[in-house]
1. What tally of residues in the stretch C:396-415 results from selecting those that are open to solvent by less than 50 Å² (accessible area, probe 1.4 Å), modelled with pLDDT under 95 and under 20 Å from the mean Cα position of the chain (by Cα)?
2. Can you say whether C:Lys222 is under 28 Å from C:Ala80 (Cβ atoms), in a loop (DSSP other than H, G, I, E, B), of a type in the set (D, E, K, R) and open to solvent by 20 Å² or more (accessible area, probe 1.4 Å), as far as the supplied structure shows?
3. Any residue at all in the stretch A:58-66 that's surrounded by fewer than 16 Cβ atoms within 10 Å (Cβ to Cβ), touching a residue at least 12 places away in the same chain (Cβ under 8 Å), of a type in the set (S, T, N, Q) and over 17 Å from A:Arg206 (Cβ atoms)?
4. Hey, can you tell me all the residues within the stretch B:7-16 that are of a type outside the set (Gly, Ala, Ser) and assigned to a helix (DSSP H, G or I)?
5. Working carefully through the options B:Ser96, B:Ser108, find the one that is within 14 Å of chain A (Cβ to nearest Cβ) and open to solvent by 60 Å² or more (accessible area, probe 1.4 Å).
6. Say whether the condition of being over 20 Å from the mean Cα position of the chain (by Cα), among the aromatic types (Phe, Trp, Tyr) and assigned to a loop (DSSP other than H, G, I, E, B) is met by at least one residue in the stretch A:92-109.
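The values are calculated or read from the model by the stated rules, or taken from the named source; none is laboratory data. Fair warning: this is a prediction, and the values are worked out from it, not measured in the lab. Positions of Cβ are backbone-derived with ideal geometry, glycine not excepted, and every protein chain shown enters the neighbour counts. Side chains included, ligands, DNA and RNA excluded: accessible areas come from the protein's heavy atoms. Shrake-Rupley method; radii C 1.70, N 1.55, O 1.52, S 1.80 Å.
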Amino acid sequence: MKRMKFSGVSFILHTFMILVIIVCLFPVLWMCVISIKTVGERVSGFAALTVLHPTLSNFGRLFELIPIWSNLYNSLFTTILGTLTTLFFCALAGFAFAKYRFPGRNALFYFVIATMMISAEAGAIPLFIIMRRLHLINSLWSLIIPRIATAVGIFYLRQYILDVPDEMIEASRIDGCSDFGIFWRIVVPIIKPALASWASITAIVRWNDFFWPLLFLNKNDKYTLMVSVSMLPVSDGLATPWSVILAGTTMVIIPSILFYLGMQLFQRSGSLAGAVKG
Amino acid sequence: MFKTLKKYRIPYLFISPFFVLFLVFQLIPIIWTTFISFTEWKGLGSPVWVGLDNYRLMTQDYMVADAFWNTLLYWIAGIIGILLFALMIALCLNSSRLKFHKFFKTASFLPYVCASVAMGLIFGMLFDENAGLINEIIITFGGDRVPWLTSSAFSKIPVIILFNWRITPWFTIIILSGLLNISREYYEAATVDGANIVQQFFYITVPLLRNIMFFCMLTITVDTWKMFNESYILPGPGSSNTSLFQLIYQSAFKTFKLGYASALSVILILILLVISIVQFAIRRRQGEV
Amino acid sequence: MKKVLFVALMVVLLAMPMFAQGAGETKTTGSDTYPDGTILVWSTGQPQFREMYYDAWIERHRDIAPGVNVDSETISTMAAGQQKLSMYALSGDYDSMPEVIMLDTVGIVELSSAGLLQDVTDYYTPLADQFVDGAASDATVNGRVYGLPDAVRPQLLFYNAAIFEKYGVDPAMMDTFEGYYEAGKLLKERSNGKVYLSYIDPANYTWRYYGRRGLMPQANAKIWDDQGNIVIGSDPGTKLALGYLDKLNQAGLLYKTRMFQQPLYEATDDGTIATFYIGAFWDEFLRKNLTATVGDWRAMNAPVFEEIGTRGAPVSTSFCLVDTKSNEYTELFKMLWYDFQTDTEARNAWVTDMEKLNGPYSNPVSKKILADPFWQAPSDFYGGQSFRKAEGDGLANSSKNMMVTASDAEADSIISAEIEKYVAGEQTMDQAIANMDKELKLKIKKAKLP
């Protein structure tokens, strides 16, 4: 009797999770299916789900509609450089907050946390003018510089650096290590797992970034892939076929999924679990 | 003063990038926005001082009212929907009875990885009134076509679904990390005392997750009040599903009413400020209990 | 090893933009040729087809422009292009501005008053006689010309002749709007509700096309009076125009779907949609996107309101030279424009190619080319009817376009929001008109006259 009840719970559990997975994956699978249909094949209703003549020609069409190579380069450049700089400066600030005692430390740290409640977007108009004065409109740096050090990143990495034993830091200081040396040679190697999981999250967020590139970049060949894809519906003289639009979305979604799965394989253990410590 | 700075120059140097960037790219813009909000300005030429005109117009503008109520709805739907689903999924993932644990965990995180803009285009097609798959399914089950994105009543739903669909996994992971931090010993002790699963949930899990839930609520609050991508890419009739921040963007960079847009930005900042003060106040009270 | 890879990656990433810049630098050659570089043209529709003509022309003129090429970028609508250009001006980025932008009246009024367009009066006026009457009148603001006319296109009515034959409805009855409505009812009845007269867009295209370009001018409707006061709420023309749209919609004759999107074309190929009103531009979209109904289509003049009596208002589009400060290619583009408008042989050859490729083209504005028999030739897509002749005929007895002020871009977004709520079925057309009036008075007060 008891056994029956337990398998009942486990049945509900698995059914629920399978439903969740279907909901999670279906839109993406639907996209992939349509993206390999020939233009002219029906895309409405259930007819969308059968592929009669799979083709990659939609992807070819994409290359004619948008400057994919420069867009891809722009996306990669901002994603990679944005992630690396953020990682470095957040870890550095997190290190200072975690391992140094200095006047105003707690107040400043609470201030950092409090800024999470303000959205930079609210100042978008003057920010646009500031960027113009700095000659950063249409420059990829406009996407990287403002977010070199973020509050969330500092908060998250500080939590990890707190766990680095003080003795190790003291020992290397006695050995004559400089402050930066301690950070670079002692702290960074220890918090590598945290850096890796934070890096994968940041990279995904940067890759998916839409508002700031939309605001700061104004030229087709300066766009990131995301902005170009968002404009696909009107790119082909207002009449881009659905299959071509979805080929475009596939081009932005699949790489980030592969990247994420790769990171999952890479970090065998819990990965993001423990991202925020209670 | 100078001496302190010199003595502690290294930690100050290490944390300075954040503060410099905050000053230049957040604080100054926000103060500047406040100034622009009292002017009329098309972007070219110099701003003309108009006092409170922009704020006065705002109270009469139904689009602002629409945007405010929409965003409020997105916020509430976000808090309830995301936290509920994230908690349920996290509890399942944390259950020792779940098989293929790693697969479920990885797959259920995928929506967060997908770009909201790209997913918006996809949801727009799925929710299309005449050609969308969702309506086709509804018809198969004997229902009528739902004007998802073509009526004010329904147009908010795809936006909410898209937003919640994409964001939930992120909070699932955060809640899951909280659950993993709860020692199994509590549950074992409770089982020995004869508490069932429901009791265990309410007397052990809920109190110990309070911090995490609070953190999630704060994050969802900021995320929903500055929502842009989802409603921008899934427009409904008129301003029926416009978010507040989207209205700011449109007033600023489509019709170039920078003064008006700035006034709206000021309101957005104030709203966020009030909400966070209230949330912290409530929490402090709970903390004392 | 890892470190080396990492450093190499960073170096490549950092160096690439420099190379990209270095390659784009202009080198000056002889003084009587144009400097190397690109003429960037922003245009709606499918500018890649027009580019084919430009490229061929540039090839023929390598003596004066050895290193110049013409590049086209698509703007989704002229309003979007106009906003984008204003953004550039706002960001002070004159280097990124296109040399040329395609605009309609709203854009020309807005951007010329912002000082972003070059005045071409002195160049165009002596040439005006060669072109159809009033070709540049929509590009003229306070007596100054700000655009070189590209096309003056009529409002036509496209209909699927096979559907009309099948259900025994005579297309000739669509000569008036009353008849157009009756035809729609007959088709609906006789097909048991399958056939819709036309479509209606749930978003902003309904105002843009049915409203501003189509029914409003044909009904002699006004948003503003001559002083810029808001009159839309009490204007009989607005009531006639939008009331008629309401009548079609109430009778269930309009299939609700997004304009220009694939489901619209799928429904059209299925025989669900019988006619397309407003805009000769439908020609290129129908030819490009329809497969099952090729040869069934015909074009006729737009219906008239009997009480007004004029046909559709022509849409003139112009290529406007943007004031980019350097303006180094201004003269070259003028030559290119002039050639496209007056070189009969080259133009006809290009149009022949366009027909083969299902590309867009429109009737020329030059009287000389129009006189060529080529422009009376039959078209396969229209079952042997000459589309080019129909386009020319469509210009007869046309309505006057609505007055455009510098406030019209903002007015469009306000009015469109009310129409969208009407299409969604949330307010009646009378309420929509009343709300437009109210909102315009609240937010614009009085239109800024150019």
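1. Residues meeting the conditions: 12.
2. Numbers: under 28 Å from C:Ala80 (Cβ atoms): yes; in a loop (DSSP other than H, G, I, E, B): yes; of a type in the set (D, E, K, R): yes; open to solvent by 20 Å² or more (accessible area, probe 1.4 Å): yes.
Yes, satisfied.
3. Within the stretch A:58-66, not a single residue is surrounded by fewer than 16 Cβ atoms within 10 Å (Cβ to Cβ), touching a residue at least 12 places away in the same chain (Cβ under 8 Å), of a type in the set (S, T, N, Q) and over 17 Å from A:Arg206 (Cβ atoms).
4. Scanning the stretch B:7-16 gives B:Lys7, B:Arg9, B:Ile10, B:Pro11, B:Tyr12, B:Leu13, B:Phe14, B:Ile15.
5. On inspection, the qualifying residue turns out to be B:Ser96.
6. For the stretch A:92-109, residues over 20 Å from the mean Cα position of the chain (by Cα), among the aromatic types (Phe, Trp, Tyr) and assigned to a loop (DSSP other than H, G, I, E, B): present.
For every residue, the table says whether it meets (1) over 13 Å from A:Lys99 (Cβ atoms); (2) surrounded by 19 or more Cβ atoms within 10 Å (Cβ to Cβ); (3) within 12 Å of chain B (Cβ to nearest Cβ).
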residue	(1), (2), (3)
A:Gly153	yes, yes, yes
A:Phe183	no, yes, yes
A:Val187	no, yes, yes
A:Pro193	yes, no, no
A:Ala203	yes, yes, yes
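Conditions (1) farther than 22 Å from C:Val195 by Cβ; (2) open to solvent by less than 10 Å² (accessible area, probe 1.4 Å); (3) assigned by TED's automatic domain parsing to the domain that holds C:Thr268, marked per residue:
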residue	(1), (2), (3)
C:Gly143	yes, no, no
C:Gly147	yes, yes, no
C:Ile163	no, no, yes
C:Lys166	no, no, yes
C:Asp170	no, no, yes
C:Thr176	no, no, yes
C:Tyr180	no, yes, yes
